[in-house]
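One structure is given here, and the rest of the page talks about it.
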Amino acid sequence: MKLTIIGTGYVGLVTGTCFAEVGHHVVCVDNDAAKVKILQAGGLPIYEPGLEDLVRKNVAADRLSFTNSTAEGVEKSDVIFIAVPTPPQPDGSVDMSFIERVAREIAGAMTSYKIVVDKSTVPVKTGDQVAETIKRYCKTKVEFDVVSNPEFLREGFAVDDLMKPDRIVIGVRSQRPVAAMRQVYEPFNAPIIVTDINSAELIKHASNSFLALKISYINAIAVLCEAAGANVSEVAAGMGMDERIGRRFLNAGIGFGGSCFPKDLSAFIKIAEQIGYDFRLLKEVQRINAEQMDRFVKKITETLWVLKGKTIGVLGLAFKQNTDDVRSSPAIELCQRLLKEGATLRVHDPKAMDKAKAILPGVTYVDDMNAVADGCDALVVATEWDEFKKLDTDRARKALTHPIMFDGRNLFDAAEMEAAGWIYKSIGR
Ligand code: UGA
(Lines give C-alpha, C1' and ligand atoms only; values in the text may rest on other atoms or scores of the structure.)
Protein backbone atom coordinates (compact mmCIF):
# COMPACT_ATOMS: atom_id res chain seq x y z
CA MET A 1 0.00 0.00 0.00
CA LYS A 2 1.00 3.63 -0.34
CA LEU A 3 1.24 5.30 3.06
CA THR A 4 2.25 8.75 4.27
CA ILE A 5 3.41 9.57 7.78
CA ILE A 6 3.41 13.21 8.84
CA GLY A 7 5.94 13.84 11.63
CA THR A 8 9.25 11.99 11.89
CA GLY A 9 9.73 11.85 15.66
CA TYR A 10 10.08 8.55 17.53
CA VAL A 11 6.60 7.38 16.61
CA GLY A 12 6.47 8.65 13.02
CA LEU A 13 9.92 7.58 11.94
CA VAL A 14 9.79 4.12 13.47
CA THR A 15 6.23 3.51 12.25
CA GLY A 16 7.06 4.64 8.72
CA THR A 17 10.20 2.53 8.61
CA CYS A 18 8.46 -0.60 9.89
CA PHE A 19 5.58 -0.10 7.41
CA ALA A 20 8.21 0.02 4.64
CA GLU A 21 9.95 -3.04 6.07
CA VAL A 22 6.77 -5.12 5.65
CA GLY A 23 6.43 -4.02 2.02
CA HIS A 24 4.40 -0.80 1.99
CA HIS A 25 5.59 2.28 0.11
CA VAL A 26 6.04 5.05 2.63
CA VAL A 27 6.57 8.80 2.40
CA CYS A 28 7.68 10.43 5.66
CA VAL A 29 6.95 14.15 5.92
CA ASP A 30 8.46 16.63 8.36
CA ASN A 31 8.43 20.42 8.32
CA ASP A 32 11.85 20.52 10.01
CA ALA A 33 14.11 21.02 6.98
CA ALA A 34 17.28 20.14 8.92
CA LYS A 35 15.78 16.83 10.05
CA VAL A 36 14.66 15.89 6.55
CA LYS A 37 18.14 16.71 5.25
CA ILE A 38 19.74 14.38 7.82
CA LEU A 39 17.30 11.60 6.88
CA GLN A 40 17.74 12.10 3.15
CA ALA A 41 21.52 11.90 3.64
CA GLY A 42 21.16 8.52 5.38
CA GLY A 43 21.52 9.83 8.94
CA LEU A 44 19.17 9.50 11.91
CA PRO A 45 18.04 12.34 14.20
CA ILE A 46 17.45 9.88 17.10
CA TYR A 47 19.06 6.75 18.49
CA GLU A 48 16.84 3.68 18.47
CA PRO A 49 18.24 0.14 18.42
CA GLY A 50 17.94 -1.49 14.98
CA LEU A 51 16.41 1.55 13.30
CA GLU A 52 19.40 2.80 11.31
CA ASP A 53 19.82 -0.46 9.39
CA LEU A 54 16.10 -0.66 8.61
CA VAL A 55 15.98 2.93 7.35
CA ARG A 56 19.00 2.37 5.10
CA LYS A 57 17.64 -0.92 3.78
CA ASN A 58 14.20 0.46 2.94
CA VAL A 59 15.49 3.69 1.41
CA ALA A 60 17.75 1.56 -0.82
CA ALA A 61 14.77 -0.62 -1.77
CA ASP A 62 12.86 2.54 -2.78
CA ARG A 63 10.09 1.87 -0.27
CA LEU A 64 10.93 4.76 2.09
CA SER A 65 11.44 8.43 1.28
CA PHE A 66 11.50 11.75 3.11
CA THR A 67 10.12 15.15 2.18
CA ASN A 68 9.24 18.57 3.58
CA SER A 69 6.04 18.79 1.59
CA THR A 70 2.75 17.73 3.16
CA ALA A 71 1.06 18.26 -0.21
CA GLU A 72 3.42 15.73 -1.81
CA GLY A 73 2.70 13.25 0.97
CA VAL A 74 -1.06 13.70 0.65
CA GLU A 75 -0.96 13.36 -3.10
CA LYS A 76 1.11 10.17 -3.09
CA SER A 77 -0.96 8.11 -0.61
CA ASP A 78 -4.51 7.17 0.25
CA VAL A 79 -3.79 6.56 3.92
CA ILE A 80 -2.18 9.45 5.81
CA PHE A 81 -0.95 9.03 9.37
CA ILE A 82 -0.57 12.03 11.67
CA ALA A 83 2.32 11.48 14.09
CA VAL A 84 3.18 14.98 15.25
CA PRO A 85 3.90 16.02 18.84
CA THR A 86 1.15 16.81 21.34
CA PRO A 87 3.25 18.62 23.99
CA PRO A 88 1.97 19.57 27.42
CA GLN A 89 0.90 23.11 28.30
CA PRO A 90 1.65 24.71 31.69
CA ASP A 91 -1.79 23.69 33.09
CA GLY A 92 -1.27 20.03 32.13
CA SER A 93 -3.59 20.12 29.11
CA VAL A 94 -2.37 19.16 25.64
CA ASP A 95 -1.18 21.63 23.00
CA MET A 96 -3.16 20.54 19.93
CA SER A 97 -1.78 23.18 17.56
CA PHE A 98 0.47 20.77 15.60
CA ILE A 99 -2.39 18.34 14.97
CA GLU A 100 -4.71 21.18 13.99
CA ARG A 101 -2.17 22.65 11.57
CA VAL A 102 -1.52 19.27 9.94
CA ALA A 103 -5.28 18.66 9.61
CA ARG A 104 -5.59 21.99 7.79
CA GLU A 105 -2.62 21.18 5.54
CA ILE A 106 -4.04 17.78 4.65
CA ALA A 107 -7.44 19.36 3.93
CA GLY A 108 -5.82 21.92 1.64
CA ALA A 109 -3.99 19.26 -0.36
CA MET A 110 -6.74 16.61 -0.72
CA THR A 111 -8.08 15.97 -4.21
CA SER A 112 -9.45 12.43 -3.75
CA TYR A 113 -10.78 10.15 -0.97
CA LYS A 114 -8.27 9.86 1.90
CA ILE A 115 -8.13 8.02 5.19
CA VAL A 116 -6.62 10.33 7.79
CA VAL A 117 -5.27 8.35 10.72
CA ASP A 118 -4.32 9.90 14.04
CA LYS A 119 -1.36 8.12 15.64
CA SER A 120 -0.33 10.86 18.06
CA THR A 121 -1.50 10.53 21.67
CA VAL A 122 -4.48 12.85 21.90
CA PRO A 123 -7.39 13.70 24.21
CA VAL A 124 -10.64 11.82 23.68
CA LYS A 125 -12.84 13.51 21.04
CA THR A 126 -9.85 14.72 18.98
CA GLY A 127 -11.07 12.61 16.05
CA ASP A 128 -14.24 14.73 15.89
CA GLN A 129 -12.18 17.93 15.86
CA VAL A 130 -9.86 16.63 13.13
CA ALA A 131 -12.85 15.62 10.98
CA GLU A 132 -14.49 19.01 11.51
CA THR A 133 -11.26 20.85 10.65
CA ILE A 134 -10.69 18.86 7.46
CA LYS A 135 -14.29 19.46 6.41
CA ARG A 136 -13.93 23.18 7.02
CA TYR A 137 -10.62 23.65 5.20
CA CYS A 138 -11.07 21.26 2.27
CA LYS A 139 -11.86 23.38 -0.78
CA THR A 140 -12.65 20.50 -3.12
CA LYS A 141 -15.15 18.81 -0.75
CA VAL A 142 -13.76 15.33 -1.44
CA GLU A 143 -14.73 12.46 0.87
CA PHE A 144 -12.49 11.30 3.70
CA ASP A 145 -12.54 9.22 6.86
CA VAL A 146 -10.83 9.93 10.15
CA VAL A 147 -9.40 6.97 12.09
CA SER A 148 -7.79 6.77 15.53
CA ASN A 149 -4.89 4.30 15.65
CA PRO A 150 -2.89 4.87 18.85
CA GLU A 151 0.71 3.72 19.11
CA PHE A 152 2.02 1.65 22.02
CA LEU A 153 5.74 1.47 21.21
CA ARG A 154 8.31 2.02 23.93
CA GLU A 155 11.42 4.05 23.19
CA GLY A 156 14.47 1.82 23.15
CA PHE A 157 12.34 -1.13 21.98
CA ALA A 158 10.40 0.74 19.33
CA VAL A 159 11.31 -1.42 16.32
CA ASP A 160 10.50 -4.63 18.19
CA ASP A 161 7.25 -3.23 19.58
CA LEU A 162 6.25 -2.07 16.10
CA MET A 163 7.10 -5.31 14.34
CA LYS A 164 5.52 -7.53 17.03
CA PRO A 165 2.66 -5.52 18.52
CA ASP A 166 0.45 -6.94 21.32
CA ARG A 167 -2.57 -5.41 19.64
CA ILE A 168 -3.64 -2.94 16.98
CA VAL A 169 -6.38 -0.52 17.95
CA ILE A 170 -8.47 0.95 15.14
CA GLY A 171 -11.09 3.54 16.08
CA VAL A 172 -13.58 4.44 13.35
CA ARG A 173 -16.81 6.37 12.77
CA SER A 174 -17.95 4.14 9.92
CA GLN A 175 -16.94 0.78 8.45
CA ARG A 176 -15.58 2.32 5.24
CA PRO A 177 -11.88 2.66 6.28
CA VAL A 178 -11.71 -0.65 8.17
CA ALA A 179 -10.67 -2.88 5.27
CA ALA A 180 -7.81 -0.58 4.27
CA MET A 181 -6.62 -0.32 7.88
CA ARG A 182 -6.68 -4.11 8.21
CA GLN A 183 -4.61 -4.32 5.03
CA VAL A 184 -2.03 -1.90 6.46
CA TYR A 185 -1.59 -4.10 9.52
CA GLU A 186 -2.08 -7.55 8.00
CA PRO A 187 1.69 -8.25 7.67
CA PHE A 188 2.18 -7.76 11.40
CA ASN A 189 -0.01 -10.74 12.35
CA ALA A 190 -1.32 -9.03 15.48
CA PRO A 191 -4.79 -9.09 17.03
CA ILE A 192 -6.85 -6.14 15.78
CA ILE A 193 -9.57 -4.48 17.83
CA VAL A 194 -11.98 -2.18 16.02
CA THR A 195 -13.74 0.37 18.24
CA ASP A 196 -15.39 3.76 17.99
CA ILE A 197 -12.97 6.69 17.83
CA ASN A 198 -13.51 7.96 21.38
CA SER A 199 -12.81 4.51 22.84
CA ALA A 200 -9.62 4.13 20.77
CA GLU A 201 -8.39 7.50 22.02
CA LEU A 202 -9.20 6.54 25.61
CA ILE A 203 -7.44 3.17 25.29
CA LYS A 204 -4.13 4.97 24.82
CA HIS A 205 -4.40 7.32 27.82
CA ALA A 206 -5.94 4.59 29.98
CA SER A 207 -3.08 2.18 29.13
CA ASN A 208 -0.24 4.62 29.81
CA SER A 209 -1.86 5.82 33.02
CA PHE A 210 -2.31 2.23 34.19
CA LEU A 211 1.36 1.43 33.55
CA ALA A 212 2.40 4.58 35.44
CA LEU A 213 0.07 3.51 38.25
CA LYS A 214 1.73 0.10 38.33
CA ILE A 215 5.17 1.73 38.76
CA SER A 216 3.92 4.07 41.50
CA TYR A 217 2.29 1.10 43.20
CA ILE A 218 5.55 -0.85 43.40
CA ASN A 219 7.38 2.31 44.48
CA ALA A 220 4.89 2.71 47.34
CA ILE A 221 5.44 -0.96 48.22
CA ALA A 222 9.19 -0.22 48.20
CA VAL A 223 8.65 2.41 50.89
CA LEU A 224 6.78 -0.17 52.98
CA CYS A 225 9.56 -2.72 52.37
CA GLU A 226 12.19 -0.32 53.67
CA ALA A 227 10.14 0.39 56.79
CA ALA A 228 9.31 -3.28 57.37
CA GLY A 229 12.68 -4.81 56.51
CA ALA A 230 11.42 -6.62 53.39
CA ASN A 231 12.80 -6.78 49.86
CA VAL A 232 10.77 -5.16 47.06
CA SER A 233 12.46 -7.24 44.35
CA GLU A 234 11.22 -10.41 46.04
CA VAL A 235 7.78 -8.94 46.60
CA ALA A 236 7.59 -7.95 42.90
CA ALA A 237 8.75 -11.42 41.84
CA GLY A 238 6.08 -13.04 43.99
CA MET A 239 3.33 -10.69 42.83
CA GLY A 240 4.37 -10.95 39.21
CA MET A 241 3.94 -14.71 39.11
CA ASP A 242 0.20 -14.13 39.28
CA GLU A 243 -0.74 -13.92 35.61
CA ARG A 244 -3.40 -11.36 36.40
CA ILE A 245 -0.71 -9.01 37.73
CA GLY A 246 2.40 -9.81 35.66
CA ARG A 247 6.01 -9.00 36.56
CA ARG A 248 6.57 -6.24 33.97
CA PHE A 249 6.54 -2.60 35.12
CA LEU A 250 7.01 -3.66 38.73
CA ASN A 251 10.59 -2.38 38.95
CA ALA A 252 10.95 0.02 41.85
CA GLY A 253 13.27 2.96 41.27
CA ILE A 254 13.59 6.72 41.34
CA GLY A 255 10.33 7.07 39.42
CA PHE A 256 9.10 7.14 35.85
CA GLY A 257 9.96 9.87 33.36
CA GLY A 258 10.21 10.38 29.63
CA SER A 259 8.10 12.21 27.14
CA CYS A 260 5.00 10.03 27.65
CA PHE A 261 4.00 8.97 31.17
CA PRO A 262 4.34 12.33 32.98
CA LYS A 263 2.69 14.20 30.12
CA ASP A 264 -0.06 11.65 29.52
CA LEU A 265 -0.94 11.46 33.21
CA SER A 266 -1.34 15.24 33.44
CA ALA A 267 -3.34 15.28 30.23
CA PHE A 268 -5.62 12.44 31.33
CA ILE A 269 -6.29 14.12 34.68
CA LYS A 270 -7.13 17.34 32.82
CA ILE A 271 -9.33 15.57 30.26
CA ALA A 272 -11.19 13.81 33.07
CA GLU A 273 -11.66 17.14 34.84
CA GLN A 274 -13.04 18.71 31.66
CA ILE A 275 -15.64 15.97 31.32
CA GLY A 276 -16.58 16.16 34.98
CA TYR A 277 -14.49 13.52 36.78
CA ASP A 278 -11.90 14.21 39.47
CA PHE A 279 -9.30 11.47 38.77
CA ARG A 280 -7.78 11.49 42.26
CA LEU A 281 -6.26 8.03 41.81
CA LEU A 282 -3.98 9.39 39.07
CA LYS A 283 -3.12 12.49 41.09
CA GLU A 284 -1.83 10.11 43.75
CA VAL A 285 0.24 8.29 41.12
CA GLN A 286 1.90 11.63 40.30
CA ARG A 287 2.45 12.43 43.97
CA ILE A 288 4.10 9.06 44.69
CA ASN A 289 6.35 9.52 41.66
CA ALA A 290 7.53 12.95 42.80
CA GLU A 291 8.01 11.69 46.35
CA GLN A 292 10.17 8.82 45.12
CA MET A 293 12.78 11.31 43.88
CA ASP A 294 12.60 13.30 47.13
CA ARG A 295 13.21 10.12 49.12
CA PHE A 296 16.23 9.19 47.03
CA VAL A 297 17.81 12.65 47.33
CA LYS A 298 17.16 12.49 51.08
CA LYS A 299 18.87 9.08 51.23
CA ILE A 300 21.95 10.61 49.60
CA THR A 301 22.02 13.71 51.79
CA GLU A 302 21.41 11.73 54.98
CA THR A 303 24.38 9.50 54.20
CA LEU A 304 26.80 12.11 52.85
CA TRP A 305 25.42 14.86 55.15
CA VAL A 306 26.77 17.93 53.31
CA LEU A 307 26.98 17.74 49.50
CA LYS A 308 28.81 21.03 49.08
CA GLY A 309 32.41 20.22 48.23
CA LYS A 310 31.67 16.54 47.54
CA THR A 311 32.09 14.86 44.16
CA ILE A 312 29.45 12.35 43.09
CA GLY A 313 29.65 9.99 40.13
CA VAL A 314 26.36 9.44 38.29
CA LEU A 315 25.73 6.49 35.99
CA GLY A 316 22.83 7.22 33.64
CA LEU A 317 21.29 10.34 32.11
CA ALA A 318 18.65 8.95 29.72
CA PHE A 319 15.11 8.55 31.09
CA LYS A 320 15.55 4.79 30.69
CA GLN A 321 17.91 2.36 29.02
CA ASN A 322 18.42 1.88 25.26
CA THR A 323 17.65 5.47 24.37
CA ASP A 324 19.44 8.80 24.08
CA ASP A 325 16.26 10.61 25.14
CA VAL A 326 16.69 12.89 28.16
CA ARG A 327 13.27 14.55 28.09
CA SER A 328 11.76 14.56 31.62
CA SER A 329 14.51 12.17 32.67
CA PRO A 330 14.56 11.35 36.39
CA ALA A 331 18.35 10.99 36.05
CA ILE A 332 18.71 14.57 34.82
CA GLU A 333 16.41 15.84 37.58
CA LEU A 334 18.53 13.99 40.11
CA CYS A 335 21.72 15.58 38.74
CA GLN A 336 20.12 19.02 38.89
CA ARG A 337 19.10 18.47 42.50
CA LEU A 338 22.56 17.28 43.50
CA LEU A 339 24.14 20.29 41.76
CA LYS A 340 21.75 22.59 43.61
CA GLU A 341 22.95 21.07 46.90
CA GLY A 342 26.49 22.08 45.89
CA ALA A 343 27.87 18.72 44.70
CA THR A 344 30.34 18.38 41.84
CA LEU A 345 29.30 15.70 39.32
CA ARG A 346 31.11 13.22 37.08
CA VAL A 347 28.51 11.62 34.79
CA HIS A 348 28.26 8.93 32.14
CA ASP A 349 25.56 7.53 29.88
CA PRO A 350 26.12 5.04 27.04
CA LYS A 351 24.00 7.04 24.55
CA ALA A 352 22.58 10.21 26.06
CA MET A 353 25.66 12.34 26.81
CA ASP A 354 25.39 14.53 23.70
CA LYS A 355 21.74 15.34 24.32
CA ALA A 356 22.38 15.86 28.06
CA LYS A 357 25.14 18.41 27.41
CA ALA A 358 22.57 20.94 26.18
CA ILE A 359 20.52 20.79 29.39
CA LEU A 360 23.10 19.80 31.99
CA PRO A 361 26.07 22.15 31.93
CA GLY A 362 28.71 22.36 34.64
CA VAL A 363 29.34 18.62 35.05
CA THR A 364 32.19 16.42 33.84
CA TYR A 365 31.16 13.98 31.10
CA VAL A 366 33.20 10.77 31.35
CA ASP A 367 33.43 8.45 28.34
CA ASP A 368 34.33 5.27 30.24
CA MET A 369 31.75 4.15 32.81
CA ASN A 370 34.52 2.51 34.84
CA ALA A 371 36.31 5.84 35.24
CA VAL A 372 33.29 7.73 36.60
CA ALA A 373 34.07 6.78 40.21
CA ASP A 374 37.63 8.17 40.08
CA GLY A 375 38.07 10.59 42.98
CA CYS A 376 34.34 10.60 43.85
CA ASP A 377 32.83 10.44 47.33
CA ALA A 378 29.95 8.24 46.17
CA LEU A 379 28.51 6.60 43.06
CA VAL A 380 24.85 6.87 42.01
CA VAL A 381 22.96 4.67 39.52
CA ALA A 382 20.18 6.73 37.94
CA THR A 383 19.18 4.82 34.77
CA GLU A 384 18.53 1.09 34.37
CA TRP A 385 21.08 0.43 31.57
CA ASP A 386 21.92 -3.30 31.48
CA GLU A 387 25.54 -2.50 30.74
CA PHE A 388 25.97 -0.82 34.13
CA LYS A 389 25.65 -4.33 35.59
CA LYS A 390 29.04 -4.98 33.98
CA LEU A 391 30.66 -2.13 35.94
CA ASP A 392 34.05 -3.13 37.37
CA THR A 393 32.79 -2.72 40.94
CA ASP A 394 36.16 -3.64 42.50
CA ARG A 395 37.88 -0.90 40.53
CA ALA A 396 35.07 1.57 41.37
CA ARG A 397 35.20 0.70 45.09
CA LYS A 398 38.93 1.41 45.20
CA ALA A 399 38.63 4.60 43.13
CA LEU A 400 36.06 6.16 45.48
CA THR A 401 37.17 8.00 48.62
CA HIS A 402 34.52 5.91 50.43
CA PRO A 403 32.86 2.85 48.89
CA ILE A 404 29.31 4.22 48.85
CA MET A 405 26.79 3.41 46.13
CA PHE A 406 23.21 4.71 45.83
CA ASP A 407 21.51 2.39 43.37
CA GLY A 408 18.33 4.12 42.19
CA ARG A 409 17.45 1.26 39.84
CA ASN A 410 18.27 -1.82 41.95
CA LEU A 411 20.77 -3.09 39.38
CA PHE A 412 23.12 -4.82 41.80
CA ASP A 413 22.69 -7.63 44.31
CA ALA A 414 22.56 -6.02 47.74
CA ALA A 415 24.10 -8.97 49.64
CA GLU A 416 26.99 -9.31 47.15
CA MET A 417 27.74 -5.59 47.26
CA GLU A 418 27.77 -5.52 51.05
CA ALA A 419 29.93 -8.65 51.19
CA ALA A 420 32.40 -6.90 48.86
CA GLY A 421 32.67 -4.00 51.30
CA TRP A 422 30.25 -1.49 49.79
CA ILE A 423 27.95 0.78 51.75
CA TYR A 424 25.16 -0.01 49.33
CA LYS A 425 21.79 1.74 49.39
CA SER A 426 19.09 0.84 46.91
CA ILE A 427 15.29 1.17 46.65
CA GLY A 428 13.01 -0.89 48.91
CA ARG A 429 15.59 -3.52 49.79
C1 UGA B 1 5.56 4.37 27.27
C2 UGA B 1 4.70 3.11 27.15
O3 UGA B 1 5.37 2.02 27.80
C4 UGA B 1 4.44 2.76 25.69
O5 UGA B 1 3.56 1.64 25.60
C6 UGA B 1 3.79 3.97 25.01
O7 UGA B 1 3.55 3.73 23.64
C8 UGA B 1 4.72 5.16 25.14
O9 UGA B 1 4.93 5.44 26.54
C10 UGA B 1 4.08 6.35 24.47
O11 UGA B 1 3.03 6.80 24.92
O12 UGA B 1 4.57 6.78 23.41
P13 UGA B 1 8.18 4.92 27.04
O14 UGA B 1 7.83 6.27 27.59
O15 UGA B 1 9.01 4.83 25.82
O16 UGA B 1 6.84 4.08 26.71
O17 UGA B 1 8.96 4.13 28.18
P18 UGA B 1 8.64 3.00 29.26
O19 UGA B 1 9.42 1.79 28.94
O20 UGA B 1 7.19 2.82 29.47
O21 UGA B 1 9.27 3.67 30.57
C22 UGA B 1 8.76 4.89 31.10
C23 UGA B 1 9.44 5.23 32.42
O24 UGA B 1 9.05 4.31 33.43
C25 UGA B 1 10.97 5.19 32.40
O26 UGA B 1 11.48 6.32 33.08
C27 UGA B 1 11.32 3.91 33.14
O28 UGA B 1 12.56 3.98 33.78
C29 UGA B 1 10.18 3.84 34.15
N30 UGA B 1 9.90 2.47 34.63
C31 UGA B 1 9.44 1.52 33.76
C32 UGA B 1 10.07 2.17 35.98
O33 UGA B 1 10.49 3.02 36.80
N34 UGA B 1 9.79 0.89 36.40
C35 UGA B 1 9.33 -0.07 35.56
O36 UGA B 1 9.07 -1.19 36.03
C37 UGA B 1 9.14 0.24 34.21
Every residue from segment 285-316 that is assigned to a loop (DSSP other than H, G, I, E, B) and either within 12 Å of the ligand (Cβ to nearest atom) or not assigned by TED's automatic domain parsing to the domain that holds residue 364 (or both): 316
Scan of segment 47-61 for residues that are touching a residue at least 24 places away in the same chain (Cβ under 8 Å) and either at positive phi or touching a Ser or Thr at 6+ places or on another chain (Cβ under 8 Å) (or both), ordered by number: 47, 48, 50, 51, 54, 55, 58
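Let's see how each residue does on (1) in the same structural domain as residue 24 (by TED's automatic domain parsing); (2) within 16 Å of the ligand (Cβ to nearest atom):
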position: 134; (1), (2): yes, no
position: 141; (1), (2): yes, no
position: 149; (1), (2): yes, yes
position: 161; (1), (2): yes, yes
position: 164; (1), (2): yes, yes
position: 199; (1), (2): no, no
position: 202; (1), (2): no, yes
Among residues of segment 209-219, those that are crowded, with 21+ Cβ neighbours inside 10 Å and near the ligand (Cβ under 10 Å from one of its atoms), counted: 5
When segment 384-429 is checked residue by residue, the ones that are over 18 Å from residue 368 (Cα atoms), buried (at least 19 other Cβ atoms within 10 Å of the Cβ) and of a type in the set (Val, Ile, Thr) are 404, 427
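Pick from segment 304-339 the residues that are open to solvent by less than 20 Å² (accessible area, probe 1.4 Å) and among the hydroxyl-bearing types (Ser, Thr, Tyr): which of them is modelled with the highest pLDDT? Break it down stepwise before answering.
Our first condition is that a residue be open to solvent by less than 20 Å² (accessible area, probe 1.4 Å); within segment 304-339, this holds for 304, 307, 312-318, 323-326, 329-332, 334-335, 338.
Cutting the leftovers down to among the hydroxyl-bearing types (Ser, Thr, Tyr) gives us 323, 329.
Values: 323: 93, 329: 98.
So, considering only residues that are open to solvent by less than 20 Å² (accessible area, probe 1.4 Å) and among the hydroxyl-bearing types (Ser, Thr, Tyr), the one modelled with the highest pLDDT is 329.
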Report whether or not residue 345 is more than 20 Å from the chain's Cα centre (by Cα) and either touching a residue at least 24 places away in the same chain (Cβ under 8 Å) or open to solvent by 10 Å² or more (accessible area, probe 1.4 Å) (or both). yes
Which of the numbered conditions does residue 201 fail, given that it passes all the others? Conditions: (1) of a type in the set (Asp, Glu); (2) assigned to a helix (DSSP H, G or I); (3) open to solvent by 30 Å² or more (accessible area, probe 1.4 Å). (3)
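If I filter segment 194-215 for residues that are farther than 22 Å from residue 157 by Cβ, small (Gly, Ala, Ser) and touching a Pro at 6+ places or on another chain (Cβ under 7 Å), do I get at least one hit? Talk me through it step by step, then tell me what you get.
The first filter runs over segment 194-215 and keeps only residues farther than 22 Å from residue 157 by Cβ, leaving 194-202.
In the following step, the residues that additionally are small (Gly, Ala, Ser) were identified as 199-200.
Cutting the leftovers down to touching a Pro at 6+ places or on another chain (Cβ under 7 Å) gives us 200.
Within segment 194-215, one or more residues are farther than 22 Å from residue 157 by Cβ, small (Gly, Ala, Ser) and touching a Pro at 6+ places or on another chain (Cβ under 7 Å).
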Evaluation of residue 416 against (1) more than 16 Å from the ligand (Cβ to nearest atom); (2) part of a helix (DSSP H, G or I); (3) under 21 Å from residue 49 (Cβ atoms) (one fails), failing number: (3)
So, in segment 258-284, exactly how many residues are touching a Ser or Thr at 6+ places or on another chain (Cβ under 7 Å) and part of a helix (DSSP H, G or I)? 7
Tell me which of these residue 274 doesn't satisfy, since it passes every other one: (1) crowded, with 21+ Cβ neighbours inside 10 Å; (2) within 27 Å of residue 122 (Cβ to Cβ). (1)
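The values are calculated or read from the model by the stated rules, or taken from the named source; none is laboratory data. All values derive from a computational prediction rather than experimental measurement. Here the Cβ is made from the backbone with ideal geometry for all residues, glycine too, and neighbour counts use every protein chain on show. The protein model used for the area step is the full one, side chains on, heavy atoms only, and it has no ligands, DNA or RNA in it. Shrake-Rupley method; radii C 1.70, N 1.55, O 1.52, S 1.80 Å.
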